[in-house]
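Inspection log for the structure reproduced underneath, given as structure tokens.
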Amino acid sequence: MQERVSPARRISGTLRLPGDKSISHRYAMLAAIADGPSRIRNYSDGADCQSTLGAVRALGAAVERSGGEIVIHGRGLDGLERPAADLDAGNSGSTIRMLSGILAAQNFPTRIYGDESLSRRPMERIMKPLAEMGAKITARDGRFPPLEITGTRLRPIDYTLPVPSAQVKSCVLLAGLYAEGQTIVHEPIRSRDHTEIALREFGADITVAARKIILQGRPKLEGRDLAVPSDLSSAAFFIVAALLIPGSDLVIQGVGLNPTRSTLLDFLVSIGGKIQILDVAQANGELVGDIRISSAPIRGGIIEKDATAALIDELPVLAVLGAASENGLEIRDAGELRVKETDRIATVIENFRRMGIAVEARPDGMIVPGRQSFRAAAFDSFGDHRIAMAFAVAALRAGADSTIDNADSAAVSFPQFFSILRQVAA
């Protein structure tokens, strides 16, 4: 599918965005193994989170939809059933990596696979700790999906993550629910803590001190009434759009403001972004608030080390902002971009070149000079949702209409993206 994006004079209005994808995945998985029903409002309608719902349904947890909420009827820690067919994770790395922790503890074998893109994404990071816990997992070429998982009685481990990864941490913690005793995870850098918060909400005994997480195995999880805050990663595209287009003034309501995700807002403010946080409250252990963004001169800067890890999903759209900044943007330590849905370094650079933006590629990042003119172009998402959305934002600053091929890839995480973009750029 091709989308046409027109230049914007300003970005304005008040928005409420779909539910946070990271939190939606976790709520669905924990609800499936809790006792009793869980009601989840504002569950993400992105394709990735629907893959997780499809998987838990295939494992025997009934899923109902009622208005703007879903109800998952939990089967208890030991109540899941052998699926009638292989589990399909679609394009979702979160689904395959985190759910594997639960599958590793079942008394039946499972096979889980994904689409062409997911089938190229390496899985050693979860296979190693799960093997240490006693699970038997085989993969194509020893590292790629599909995964064949032979469940077993797991043992707890004391595991240090070799690289920061909320998905790997979550996989180990979900497996640790089934192990007698303490499962301990050490993080080199603090990553998103949605799993820890959700586990506590469902009744697990979990403690966090500095970068050490201790989970007591075999808890009794209870179904809950839950509300998913709006997704800050989805909001990032509209935040950057409002900073990019002069005269903009935009309010985004009910956004998740988890401190482990705040690097985005902190970085944007540090380079000149005019961002206000309004009406902060707490819901199910997560901070939620409204964000007001006004256009302002952006200085540019460097993203490296811990900040790169925290901003890995937002780097494509931040690169777009860097091209319009005063001093440009340099991205370092981002080799992980090479193994996302696409090689995001290569796909960002290709689309920049199509619109006449100068950029220098590095093996683990890029240098984007500032003060560049944006021109209309025929972009391609290359099947990557974040590339589609990042260059839709870039197109808002061009001098004429641009097109984006394979724009339907945005539906993986944000089906309403283009309709909302047209709404605020009208």
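The set of residues from region 225-236 being in a loop (DSSP other than H, G, I, E, B) and touching a Phe, Trp or Tyr at 6+ places or on another chain (Cβ under 9 Å) comprises 228, 231.
Among the candidates 198, 227, the residue that is crowded, with 22+ Cβ neighbours inside 10 Å and in contact (Cβ under 8 Å) with a residue 24 or more places away in the chain is uniquely 198. When residues in region 86-110 are screened for being without any contact (Cβ under 8 Å) to a residue 60 or more places away in the chain, in a helix (DSSP H, G or I) and under 11 Å from residue 149 (Cα atoms), 1 of them pass.
Of the residues that sit in region 230-269 and are more than 16 Å from residue 421 (Cα to Cα) and of a type in the set (D, E, K, R), which one is surrounded by the most Cβ atoms within 10 Å (Cβ to Cβ)? Ranking the qualifying residues of region 230-269, first place goes to 261. Residues in region 202-222 that are out of contact with any strand residue (DSSP E or B) (no Cβ under 7 Å at 6 or more places or on another chain) and crowded, with 16+ Cβ neighbours inside 10 Å were compared, and the one that is nearest to residue 32 (Cα to Cα) is 219. So which residues in region 397-426 are over 24 Å from the mean Cα position of the chain (by Cα) and hydrophobic (A, V, I, L, M, F, W, C), if there are any at all? Within region 397-426, 398, 400, 425, 426 meet the criteria. Evaluating residue 100 against the criteria (1) in contact with a helix residue (DSSP H, G or I) (Cβ under 7 Å, 6 or more places away or on another chain); (2) more than 30 Å from residue 342 (Cα to Cα) leaves one unmet condition, (2).
Scan region 111-120 and tell me whether some residue there is surrounded by 17 or more Cβ atoms within 10 Å (Cβ to Cβ) and among the small types (Gly, Ala, Ser). Checked region 111-120: at least one residue is surrounded by 17 or more Cβ atoms within 10 Å (Cβ to Cβ) and among the small types (Gly, Ala, Ser). Of the residues making up region 257-286, those that are touching a strand residue (DSSP E or B) at 6+ places or on another chain (Cβ under 9 Å), of a type in the set (Asp, Glu) and on the phi < 0 side of the Ramachandran plot number 1.
Which residue, of 213, 239, is part of a strand (DSSP E or B) and not charged (D, E, K, R)?
Numbers: 239 fails: part of a strand (DSSP E or B).
Going through 213, 239 in turn, just one is part of a strand (DSSP E or B) and not charged (D, E, K, R): 213.
Restricting the search to region 178-224, which residues are among the charged types (D, E, K, R), within 23 Å of residue 99 (Cβ to Cβ) and out of contact with any Phe, Trp or Tyr (no Cβ under 8 Å at 6 or more places or on another chain)?
Residues of region 178-224 that are among the charged types (D, E, K, R), as a first pass: 180, 187, 190, 192-193, 196, 200-201, 205, 211-212, 218, 220, 222, 224.
Of the ones still in play, those that are also within 23 Å of residue 99 (Cβ to Cβ) are 180, 187, 192-193, 196, 200-201, 205, 218, 220, 222, 224.
Those that are among the charged types (D, E, K, R), within 23 Å of residue 99 (Cβ to Cβ) and out of contact with any Phe, Trp or Tyr (no Cβ under 8 Å at 6 or more places or on another chain): 180, 187, 192, 193, 196, 200, 201, 205, 220.
Only strands (runs of 3 or more DSSP E) whose full extent lies in region 1-67 are considered here, and the ones with at least 1 residues that are touching a Lys or Arg at 6+ places or on another chain (Cβ under 8 Å) are 35-41, 62-66. Only one entry in 377, 398 is among the aliphatic types (A, V, I, L, M), surrounded by fewer than 21 Cβ atoms within 10 Å (Cβ to Cβ) and modelled with pLDDT of 95 or more, namely 398.
Considering region 318-330 alone, what residues qualify as being buried (at least 24 other Cβ atoms within 10 Å of the Cβ) and touching a helix residue (DSSP H, G or I) at 6+ places or on another chain (Cβ under 6 Å)? Answer for region 318-330, where residues must be buried (at least 24 other Cβ atoms within 10 Å of the Cβ) and touching a helix residue (DSSP H, G or I) at 6+ places or on another chain (Cβ under 6 Å): 319, 320, 321, 324, 329. Of everything listed in (1) out of contact with any strand residue (DSSP E or B) (no Cβ under 8 Å at 6 or more places or on another chain); (2) surrounded by 19 or more Cβ atoms within 10 Å (Cβ to Cβ), the single unmet condition for residue 70 is (1).
The values are calculated or read from the model by the stated rules, or taken from the named source; none is laboratory data. All figures in this text were calculated on a predicted structure; none of them were measured in a lab. Cβ sites come from the backbone with ideal geometry, for glycine too, and all protein chains shown count toward neighbours.
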